[in-house]
Amino acid sequence: MSHADAAAMRPRRFLPTGPLKGRIRVPGDKSISHRSIMLGALAVGETRVTGLLEGEDVLATAAAMRAMGASVERVGNSESGGEWVVNGVGVGALLQPEAPLDMGNSGTSTRLLMGLIASHPITATFIGDASLSKRPMGRVITPLSQMGASFEASEGGRLPLILKGTSPAVPITYRLPVASAQVKSAVLLAGLNTPGRTTVIEPVPTRDHSERMLKGFGAQLEVEVEPDGTRIITVTGEAELRPQVIDVPGDPSSAAFFIVAALLVPGSEVLIENVGLNPTRAGLVSVLRQMGGDITEVNPREVGGEPVADLLVKHSVLKGIDVDPEIAPAMIDEFPVLFVAASLAEGKTTTSGLDELRVKESDRLAVMAAALTAAGARIEEREDGLVIEGTGGEALPGTEAAIATHLDHRIAMSMAVAGLVSRGGVEVDDTRPIATSFPVFESMLAGLVA
Ligand code: S3P
């Protein structure tokens with residue numbers, strides 16, 4: 001990081017706190033927000049979105065869709081977030097962007113848009129921040145090349161890269177070599193403007209927001225589930241999408257920080273409203289319950305085609321467990337904060353099968369191991385997971401020096417939670433990345449502590 005960047009960093013010490021009390025409503029789901037703008041931009045006519053996450057990642061998607069001809073505008077303010085109107089151009093009608101598409105910190109924007117553009121006769125340059133420029137794009141370059149797109153990527157298949165799309169693209173059947181909703185979605189989105197049937201075979205189920213929303217927009221999409229759980233997902237192009245009215249449910253990955261904080265801070269009782277509980281995302285809640293966490297689902301309902309409930313979370317004495325690696329895709333973004341919960345639990349927590357955490361916004365195994373160790377937790381880092389010996393509820397000592405968050409919002413928020421349950425506080429080197437997914441995190445926390 002250059003001196004200029006270092007000067008702009010926003011460090012903060014998160015201090016020990018009394019009980020968290022009250023009710024909050026976390027912002028809209030990031031995955032669903034990205035997809036609502038992308039599909040809205042491909043449907044001819046007006047798509048209206050309420051509860052959209054107005055985080056930097058989603059705004060990067062909005063800017064890219066504008067650069068390719070769609071109109072994406074904020075028109076008002078609803079209680080749970082902005083109200084947005086997207087006027088789409090139609091599948092196959094995206095325009096050539098005049099400038100490089102700046103994806104900021106957002107892997108989801110990058111990989112899904114690479115899919116969308118791959119089957120359009122468009123050339124686009126993708127750029128991003130230092131974190132995104134280290135992340136592997138080969139996982140989408142491989143299938144999209146099979147469909148006929150070509151790429152000039154930086155070393156190791158990374159950003160900056162130039163993508164030359166093609167039309168008509170070639171439909172493929174692609175078996176996912178990694179459990180990744182982003183790769184699945186990239187291929188399905190490319191399939192929208194590809195004549196014929198494009199199929200993704202998914203041996204391990206990942207979040208299914210793309211499938212749900214594609215059906216909602218009227219795409220011809222079939223999902224077959226084999227006896228061993230393998231999912232075979234086929235989209236038929238060239239699709240015609242119909243504009244929709246979408247209400248984005250609250251993001252379970254944002255709720256996660258407050259769920260864990262309320263479980264760990266003695267005397268806490270927090271109601272988190274409108275949390276998306278799609279089974280492909282709800283892994284953390286079930287793991288925390290296995291650890292003894294008191295989490296009650298209140299008023300279960302459906303919002304925007306997704307299961308949702310309010311979660312009542314009360315302080316609990318947690319016990320360490322062996323986390324089943326099969327649940328990893330359903331809580332892939334929640335491991336950093338689970339590691340914090342495990343650091344305060346009674347006994348040992350073992351996690352495994354988490355190689356994918358090494359290629360997120362940061363290497364989340366190495367970075368969390370270093371950060372929690374600095375805060376006084378007992379952590380063993382293995383190749384594919386962490387083993388954590390918890391304190392049995394006793395506060396962590398806390399950190400002297402600032403912990404390095406490596407431009408990773410979820411590291412910053414997880415270590416903020418660790419600070420709440422420390423004796424001396426936890427110093428985070430930079431809180432700016434929190435704005436990528438949860439711009440109101442700090443004010444919401446302040447509201448619960450007051
Ligand atoms: C996402 C999928 C996940 C997740 C990311 C959002 C999505 O990534 O980590 O935050 O919206 O499809 P992978 O699919 O690469 O695991």
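Listed conditions (1) modelled with pLDDT of 95 or more; (2) away from the ligand (no atom under 16 Å from the Cβ) are all met by Ser362, apart from (2).
Only residues that are β-branched (Val, Ile, Thr) and on the phi > 0 side of the Ramachandran plot were counted across the range 279-320, and they come to 0. Is one or more of the residues making up the range 410-420 closer than 18 Å to Phe339 by Cα and over 24 Å from the mean Cα position of the chain (by Cα)? The answer is no, given that none of the residues of the range 410-420 is closer than 18 Å to Phe339 by Cα and over 24 Å from the mean Cα position of the chain (by Cα).
Any chance the range 150-169 includes a residue that's out of contact with any Asp or Glu (no Cβ under 8 Å at 6 or more places or on another chain), closer than 20 Å to Asn278 by Cα and buried (at least 17 other Cβ atoms within 10 Å of the Cβ)? No, there is no match, as no residue in the range 150-169 is out of contact with any Asp or Glu (no Cβ under 8 Å at 6 or more places or on another chain), closer than 20 Å to Asn278 by Cα and buried (at least 17 other Cβ atoms within 10 Å of the Cβ).
Only one of the numbered conditions (1) without any contact (Cβ under 8 Å) to a residue 40 or more places away in the chain; (2) within 16 Å of the ligand (Cβ to nearest atom); (3) not small (Gly, Ala, Ser) is not met by Gln220, and that is (2).
In this structure, is Leu263 assigned to a helix (DSSP H, G or I) and either closer than 23 Å to Val421 by Cβ or not assigned by TED's automatic domain parsing to the domain that holds Glu202 (or both)?
yes
Screening Pro143, Pro121, Pro97 for residues that are closer than 25 Å to Leu214 by Cβ, in a loop (DSSP other than H, G, I, E, B), touching a helix residue (DSSP H, G or I) at 6+ places or on another chain (Cβ under 7 Å) and not charged (D, E, K, R) leaves exactly one candidate, Pro97. A search for C-beta distances below 6 Å between a residue of the range 173-188 that is farther than 17 Å from Pro325 by Cβ and in contact (Cβ under 8 Å) with a residue 24 or more places away in the chain and any residue that is more than 9 Å from the ligand (Cβ to nearest atom) and among the polar types (S, T, N, Q), counting only pairs 6+ apart in sequence or on different chains, returns Thr173/Thr199. For first residues located in the range 348-370 and in the same structural domain as Leu318 (by TED's automatic domain parsing) and touching a residue at least 60 places away in the same chain (Cβ under 8 Å), partners that are crowded, with 20+ Cβ neighbours inside 10 Å and of a type in the set (Ser, Thr, Tyr) and lie 6+ apart or on another chain with Cβ distances below 6 Å form the pairs Glu361/Ser131.
Within the option set Thr194, Thr206, being in contact with a Gly (Cβ under 8 Å, 6 or more places away or on another chain), of a type in the set (Ser, Thr, Tyr) and modelled with pLDDT of 95 or more holds for one residue only, Thr194. Whether any residue in the range 12-19 is part of a loop (DSSP other than H, G, I, E, B), among the aliphatic types (A, V, I, L, M), outside the structural domain of Arg135 (by TED's automatic domain parsing) and at pLDDT 95 or above is what I want to check. Yes, some residue in the range 12-19 is part of a loop (DSSP other than H, G, I, E, B), among the aliphatic types (A, V, I, L, M), outside the structural domain of Arg135 (by TED's automatic domain parsing) and at pLDDT 95 or above. Checking each residue in the range 339-359 for being away from the ligand (no atom under 15 Å from the Cβ) and either surrounded by 24 or more Cβ atoms within 10 Å (Cβ to Cβ) or assigned to a loop (DSSP other than H, G, I, E, B) (or both) picks out Phe339, Val340, Ala341, Ala342, Ser343, Leu344, Ala345, Gly347, Thr349, Thr351, Ser352. The residues of the range 311-338 that are surrounded by 18 or more Cβ atoms within 10 Å (Cβ to Cβ) and within 16 Å of the ligand (Cβ to nearest atom), listed by number, are Ala328, Pro329, Ala330, Met331, Ile332, Asp333, Glu334, Phe335, Pro336, Val337, Leu338.
Selection of the range 91-132 for residues being more than 16 Å from the ligand (Cβ to nearest atom), hydroxyl-bearing (Ser, Thr, Tyr) and touching a Ser or Thr at 6+ places or on another chain (Cβ under 9 Å) yields only Ser119.
Being more than 19 Å from the chain's Cα centre (by Cα) and buried (at least 21 other Cβ atoms within 10 Å of the Cβ) is the requirement here; does Val235 meet it? Walk me through how you get there before you give the answer.
Details: more than 19 Å from the chain's Cα centre (by Cα): yes; buried (at least 21 other Cβ atoms within 10 Å of the Cβ): yes.
Yes: the conditions hold for Val235.
Candidates are the residues of the range 171-187 that are aliphatic (A, V, I, L, M) and more than 11 Å from the ligand (Cβ to nearest atom); the one that is nearest to Thr61 (Cα to Cα) is Val187. Within the range 103-131, the set of residues being touching a residue at least 60 places away in the same chain (Cβ under 8 Å), of a type in the set (A, V, I, L, M, F, W, C) and crowded, with 24+ Cβ neighbours inside 10 Å comprises Leu112, Leu113, Met114, Leu116, Ala118.
The values are calculated or read from the model by the stated rules, or taken from the named source; none is laboratory data. As the structure is a prediction and not an experimental result, all values here were calculated from the model. Heads up, the Cβs are rebuilt from the backbone with ideal geometry, glycines too, and the neighbour counts pull from every protein chain shown.
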